[in-house]
Structures are given as C-alpha cells and as structure tokens.
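Written out below as structure tokens is the structure these notes cover.
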Amino acid sequence: MIKNLNYILILLTIFILVAIGVIFIYGSSYSWVQSLQFANWRQTVTYQNYVSDMNVAVLPLSVALVILLGLCVPKRIFSGVALLQSMAALLVVSVLVVLVYGLKPGIGFLLITAVLIQAVVIGMTLVGSKRLSYEVNGFYLQIGSAVLHLGFILFVFDFVLLGESTLHLTVYWVSTVLISVGMILSFYSGEISRLAEERVSRR
C-alpha cells in the first residue's frame, strides 16, 4: 500500500482534474448556447440556477482535490508508516476544523498547512537536505518540482477560497509566477544545469 501510494495519489489527482475539466467544458458550452438564444441570459433566473448547479457539481471535486494536495505534500519529508501517520493526522485535524468552524475554514487550514510544509520542502531542497524524498534527480529538477507544487497549491487556494477577496489577484499572480518558474526549472533543468556549470568553470 505504501509503495503504491504515490501512484494512487497521481491517478486520483488526474481523475479529479479531468472531471473538473469536463464540467467546465460542459458549463461553458451550455452557457454559450443559452447566451445565443437569450440576449439577457445573465439576468435570468435560469442563469442563477445554472451558476448554483455548477457550484454544487464542482465543490465536491474541489474539496477532493484540496485533500489530495494536502496529503501529497508530506511525502517529500516522511516515508513509510510516518507518512501514513502524518497524512492521517493532517486529515483528522482538517475534519475537526470543518466540524467546528465550517467547510471553508477547514479547507483553508489544509491548504495553508500544505503551503507551509511545501515552503519548508523548498528550503530543505535549497540547502541540499538528504532527508527529502524525490522521484527525480538533479537540483534544478527537484527545486522546479517543489516550486511548481507550491504554485499549484496557491492556485487552488485562490480558486476555492479567494474568489471574492481583495487578495484574489495578488495570490493568483504569485501562483502563476511560481508555476511558470517551476515549469521552466523542471522542463529545462538540464540546460540550466549546463549553463551553471559553464559559468562556474569560467571563473
């Protein structure tokens, strides 16, 4: 079970992302067709019902994605039984927060915890900690993966919780920058590594 955990988490994440994508495509297509048929589509009661139905459809998948993101983060630091224990503890505390304070605070707690853990992972990667567990080798590939994950977590945090907040655009652009930097470091790690080595050899 522990050996296959990473594979299971990846499959579940892909399934949820595909499901969200299908819902978005359907919702966008339906809204476009309705707007062609009704000039004041956005001012109708039917549109309000459509928005409510879309929110109901996406919410469980968004919550599931948040849980998976939160559970994926500790695997960089923990392994074996300790990984299962840390994931279980994180999930239990998040559920308790949901029961006491509501769904959004519970989701917020899980995502904020994931952000803090991922920030620690990035710091440990920068100092070359041997405790971390990566499926890939190479400093730039590892730091790129860590930064990409942090950006994606912040993006989900913004998408799920900050739609109406004044912080929405700030968090959105921070997550966009992190995702972009993470992708560049991940996809071009070999080239970046060679450039870094050439610069050092010229000194």
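Points to keep in mind about this one:
- Relative contact order for region 114-192: 37 percent, from Cα pairs under 8 Å spaced at least 6 residues apart, divided by residue count.
- For region 147-152, putting each phi into the Karplus relation 6.51 cos²θ - 1.76 cosθ + 1.60 with θ = phi - 60° gives couplings of 5, 4, 5, 4, x, 5 Hz, in residue order, rounded to whole numbers and with x for Gly and Pro.
- In terms of surrounding Cβ atoms within a 10 Å radius of their Cβ, Thr125, Thr166 rank from fewest to most as Thr166, Thr125.
- Neighbour-count ranking [beta-carbon atoms within 10 angstrom, fewest first] of Ile10, Ile20: Ile10, Ile20
- 3J(HN,Hα) along region 37-42, derived from phi through the Karplus expression 6.51 cos²θ - 1.76 cosθ + 1.60 where θ = phi - 60°, amounts to 7, 10, 5, 9, 3, 6 Hz, with x in place of Gly and Pro.
- Shown here is the pair-distance distribution of the chain: with all Cα-Cα distances grouped in 5 Å bins from zero up to the longest one, the shares run 1, 7, 12, 15, 18, 15, 11, 8, 6, 4, 2, 1, 0, 0 percent.
- Region 90-203 - convex hull of the alpha-carbon atoms, volume per residue in Å³: 117
- Surface/4 estimate of mean projected area, convex hull on alpha-carbon atoms of region 1-111, nm²: 8.3
- Label-point gap, in nm, between Leu169 and Val22 - each point 7 angstrom along Cα→Cβ: 3.6
- Each of the GluC sites (Glu not before Pro) that DSSP puts in a loop and that has at most 16 other Cβ atoms within 10 Å breaks the chain; the longest unbroken stretch is 1-134.
- In this structure, Glu135 and Asn4 have a Cβ-Cβ separation that, at R0 = 22 Å, corresponds to a calculated FRET efficiency of about 0.95.
- Of the chymotrypsin sites (Phe, Trp or Tyr not before Pro) found in region 1-69, the ones in coil according to DSSP and having at most 14 other Cβ atoms within 10 Å of their Cβ are Phe38.
- In plain terms, the residue of Leu141, Leu150 with the fewest other Cβ atoms within 10 Å comes first and the most crowded comes last, giving Leu141, Leu150.
- Karplus-derived HN-Hα couplings along region 71-79 (A = 6.51, B = -1.76, C = 1.60, θ = phi - 60°), whole Hz, x at Gly and Pro: 7, 6, 4, x, 5, 6, 9, 10, 8
- Computed lengthening from Gln43 to Val81, 0.36 nm per intervening residue step minus Cα-Cα distance: 8.3 nm
- Cα-based values for region 130-173, radius of gyration first and Dmax second, are 14.0, 41 Å.
Bear in mind that the values in this text are calculations on the coordinates, not laboratory data. Here the structure is a predicted model, which is why all the values come from computation and not from measurement. Reconstructed Cβ throughout: ideal geometry from the backbone, glycine too, with neighbour counts over all protein chains shown.
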